[in-house]
Amino acid sequence: ASKQFRLAGNIEGLEKVTVRMLLNHTSGINDPKNDQEVYYNDVKNKPVDMDALSPQRRLEKYVYGKPLWFTPGTDTRYSNSGYWLLGMIIEKVTGKEVQEAMAERIFRKLGLTNTYLEERENPELSAGYYKVSDGLMNVGIYDKADGDGDPGSGVVSTASDLIAFSEALFSGQLLSARSLQQMLRPGKLKDGKDSEYALGIELWDVDGVKGFGKNGSSIGVDANLIYFPAKKVTIVSFANRGGGTKKEFLGKILK
């Protein structure tokens with residue numbers, strides 16, 4: 001049976017957006033993390049209040065009423081907001097909180113004992129830092145405020161767990177062959193060109209070697225998981241400073 005629901009609020013043009021567009025970042029839905037100075041001002045100045053905001057409330061506060069960046073399906077632009085929406089869809093379809101749905105279908109299924117989405121105290125979690133004029137500042141409180149526990153950026157894991165996840169995903173243990181094939185296929189824009197994203201997967205080219213994976217960077221944190229099928233190698237890297245990882249660095253590891 002079809003399970004339909006309407007979002008309480010207004011995201012302009014949402015009726016033209018598909019789940020596939022949310023997954024491959026072709027929806028055009030405004031993302032406050034990449035487009036609104038007010039969002040990070042609130043993270044900096046009201047971290048406790050921001051930490052308490054659910055994805056639904058973040059959408060209401062920062063996305064509702066904002067115009068789309070472009071007509072859905074005509075361009076590619078990374079949108080965390082799309083993954084907030086996807087988390088809400090998962091909850092509606094499964095009847096469970098997205099944290100539990102992911103734990104049940106992925107983390108516990110694969111034995112990833114150090115991987116979780118929900119917000120919890122963890123004394124072994126590395127602190128995040130940000131470079132300031134006189135050194136480094138611990139920015140853990142701001143990292144939590146930026147979405148700890150939300151489906152757009154909140155998964156906590158270890159290198160060994162992510163390698164196990166990669167091996168399971170790309171060997172077909174987690175998805176059917178048909179689903180994995182769809183997941184790795186580049187999004188197709190309305191002009192016929194390929195998007196740089198597949199379904200939740202970023203398409204990489206490191207020194208001519210094709211890879212599938214994901215980079216994530218936020219306040220005081222940077223993470224990469226890239227699988228190179230030609231070499232059957234997975235690279236996982238973490239840094240407790242944000243700013244992104246240069247592909248040249250990953251190329252050196254690959255060599």
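What follows draws every value from the coordinates through simple rules; no lab data is involved. Remember, predicted model here, so these are calculated numbers, not experimental data. Using ideal geometry, Cβ is built from the backbone for each residue, glycine included, and neighbour counts are taken over all protein chains shown.
Brief remarks on what is shown
- Cross-link partners of Lys16 among lysines (Cα-Cα below 27 Å; sequence separation of 8 or more within a chain): Lys3, Lys33, Lys61, Lys66, Lys92, Lys96, Lys188, Lys190, Lys193, Lys214
- Per-residue Cβ neighbour counts within 10 Å put Ile235, Ile163 in the sequence Ile163, Ile235, beginning with the fewest.
- The gain in end-to-end length when the Asn34 to Lys232 segment is fully stretched comes to 68.0 nm, 0.36 nm per residue minus the alpha carbon separation.
- Low-density loop positions, GluC sites (Glu not before Pro), region 27-127 - DSSP coil, at most 10 other Cβ in 10 Å: Glu121, Glu124
- For Ala177 and Lys96, the difference between the fully extended length at 0.36 nm per residue and the C-alpha to C-alpha distance is 26.5 nm.
- Ranking of Ser157, Ser217 by neighbouring Cβ atoms within 10 Å, starting from the fewest: Ser217, Ser157.
- Neighbour-count order for Met183, Met137, Met50, fewest beta carbons within 10 angstrom listed first: Met137, Met183, Met50
- The DSSP beta bridges internal to the chain are antiparallel in roughly 95% of cases.
- Rounded if a/c under 1.5, otherwise prolate or oblate - the chain, Cα gyration tensor axes: rounded
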